[in-house]
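Peer 1: The following block contains the structure, expressed as structure tokens.
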Amino acid sequence: MQSNAASDAVPQQRRVVTAVPGPASVALHERRLAVVPVGVASTVPVYIKRAHGAIVVDVDGNQFIDLGAGIGVTTIGHTDRAVVDAAVAQLDDFTHTLFTITPYESYVRVAELLAEHTPGTHAKKTVLVNSGAEAVENGVKIARKHTGRRGVAVLEHAYHGRTNLTMAMNFKAAPYASGFGPFAGDVYHAPSSYPYHDGLSGADAARRTVAYLEKVVGAPDLACLVVEPIQGEGGFMVPAEGYLPALQEWCTANGVVFIADEIQCGMARTGAWFASEHFGLVPDMVLAAKGIAGGLPLAAVTGRSEIMDSAQPGGLGGTFGGNPVSAAAAVAVFEQIEKNGLLAEAARIEHTLKPALLGLQQKYDVIGDVRGIGAMLAIELVQPGTGATSKEPNAAVVASVAAYAAQHGVLLLTAGTYGNVLRFLPSLALTDELLADAISVIDDAFAAL
Ligand SMILES: *Cc1c(COP(=O)(O)O)cnc(C)c1O
């Protein structure tokens, strides 16, 4: 096997040796501005040279503690040895045949692993595609074929991607959809459960959602309901207890395909293989992407066999779908999660990080809410003094804390419909020691406000 250069070259520590961004990043950024459109924006314009575990190193030699993992993609750590070795071995064997022309084993193995690890013991089948948005597109397409119905229901604050259909499924118009229409029709945005703001019980929130679906669409016209068990871009809302099971029950009773978009919250992120497990859900279809292949592009639609088989031969696929290098990496990701007990590592991160965030909330009254499960935690920022009452969004604090953190060697992601959420999506390789170091930087960032 090839050795993994990054694992030797990247000590797991924070180190800032230049201004951030440093001169080499600034020079690269100049080149980029000439040739990359502004629509592709970067949160922190530091250009990365290598990464390992929970640390990324930029072209100026600065080492950042990575609390975002490329939006929850390198969940098992950057350049995990087993994943790199599996990908390199596959690169040497072959890089492409097209599964829909001449197939190969790793695609089948990924489908077997997903059948085994997604909730429920029923027969399941999987189609592999390239991106999360493409998984959402295929999930909807299959649900429509299976039911013969047109309507697609989503929840407020949802995020599902940047393709034409998924732009129509997102809650937030700016920046994802503004000016990019016309959009796909037959997409219905139902009220969700957002306990910090609506104060509703799960049962009451579900009654409100179902009432909307029955009045505005009507079950006989509804093909599917697509939900993120824990919403990602929307701000890591954990729905009130009983909310999601009630929605699933209503879907089952009405022949509506219940689709869990686990693209951000799945694949060990929350301490379970899939977040649906925390809520006792057995979705008809589970969508996976982001963390599934350790950073290589891969996404999956896994569903009940009878639903998945409703698409006719030739109706599903795509040139790069289930690419052999990505599929080999995904098999290694599944093996590493199992072998290294990484579900427990997600729980460890929650047990270290959540009390630390609650501690910050005691100190800083702009922190209105601390929430999340496993290595998927967030704080919602509000205007000073409004936390107990109106909970006015405070996006300015989020921006300054994230900027301060980056300047001091900590990469932090923002989220939230109102841009007022800081989200923590670290890799499970993040040690308690690095976590404590990152928290002290964030504490300083709040103190410096
Ligand atoms: C990121 C994301 C998507 C879109 O995935 P892409 O790979 O960026 O197309 C869809 N749903 C959720 C919940 C996501 O977090």
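The values are calculated or read from the model by the stated rules, or taken from the named source; none is laboratory data. Small disclaimer: the values here were computed from a predicted structure and weren't measured. Cβ: placed from backbone, ideal geometry, glycine included. Neighbour counts: every protein chain shown. Please note that ligands, DNA and RNA were not included when accessible areas were found on the heavy atoms of the full protein model with its side chains. Shrake-Rupley method; radii C 1.70, N 1.55, O 1.52, S 1.80 Å.
Peer 1: In segment 296-323, what residues are within 12 Å of the ligand (Cβ to nearest atom), part of a loop (DSSP other than H, G, I, E, B) and surrounded by 24 or more Cβ atoms within 10 Å (Cβ to Cβ)?
Peer 2: L298
Peer 1: Output the number of the condition that R144 fails; it satisfies all remaining conditions of (1) within 22 Å of S310 (Cβ to Cβ); (2) open to solvent by less than 30 Å² (accessible area, probe 1.4 Å).
Peer 2: (2)
Peer 1: Here's a follow-up. Name the residue, out of I71, I48, that is within 18 Å of the chain's Cα centre (by Cα), surrounded by fewer than 24 Cβ atoms within 10 Å (Cβ to Cβ) and either in the same structural domain as A405 (by TED's automatic domain parsing) or small (G, A, S) (or both).
Peer 2: I71
Peer 1: Could you tell me whether any residue of segment 60-68 is open to solvent by 70 Å² or more (accessible area, probe 1.4 Å), within 17 Å of L435 (Cβ to Cβ) and of a type outside the set (S, T, Y)?
Peer 2: The answer is no; no qualifying residue exists.
Peer 1: Would you point out which residue out of W273, W250 is open to solvent by 10 Å² or more (accessible area, probe 1.4 Å) and either in the same structural domain as D369 (by TED's automatic domain parsing) or within 21 Å of A332 (Cβ to Cβ) (or both)?
Peer 2: W273
Peer 1: Within segment 147-176, which residues are more than 15 Å from the ligand (Cβ to nearest atom), in contact with an Asp or Glu (Cβ under 8 Å, 6 or more places away or on another chain) and open to solvent by 10 Å² or more (accessible area, probe 1.4 Å)?
Peer 2: Listed by number, the residues that qualify are R149, R150.
Peer 1: Within the group A240, A211, which residue is assigned by TED's automatic domain parsing to the domain that holds M308, free of Cβ contacts under 8 Å to residues at least 40 places away in the same chain and under 29 Å from E392 (Cα atoms)?
Peer 2: None of the others qualify; the one that does is A211.
Peer 1: Still on this structure, please answer the following. If you scan segment 114-123, which residues turn out to be surrounded by 22 or more Cβ atoms within 10 Å (Cβ to Cβ) and away from the ligand (no atom under 16 Å from the Cβ)?
Peer 2: L114
Peer 1: Kindly provide the set of residues from segment 74-101 that are open to solvent by 20 Å² or more (accessible area, probe 1.4 Å) and not in a loop (DSSP other than H, G, I, E, B), ordered by number.
Peer 2: Of everything in segment 74-101, those that are open to solvent by 20 Å² or more (accessible area, probe 1.4 Å) and not in a loop (DSSP other than H, G, I, E, B) turn out to be H78, R81, A82, V84, D85, A86, V88, A89, Q90, L91, D92, D93.
Peer 1: While we're looking at this one, here's another question. Does segment 413-427 hold any residues that are open to solvent by less than 10 Å² (accessible area, probe 1.4 Å), part of a loop (DSSP other than H, G, I, E, B) and either hydrophobic (A, V, I, L, M, F, W, C) or within 19 Å of H160 (Cα to Cα) (or both), and which are they?
Peer 2: G416, L425
Peer 1: While we're looking at this one, here's another question. Output the qualifying pairs, or none if there are none: Cβ atoms under 7 angstrom, residues six or more apart or on different chains, first residue in segment 358-374 and over 29 Å from M267 (Cα atoms), second residue in a helix (DSSP H, G or I) and open to solvent by less than 30 Å² (accessible area, probe 1.4 Å).
Peer 2: Y364/F446; V366/V397
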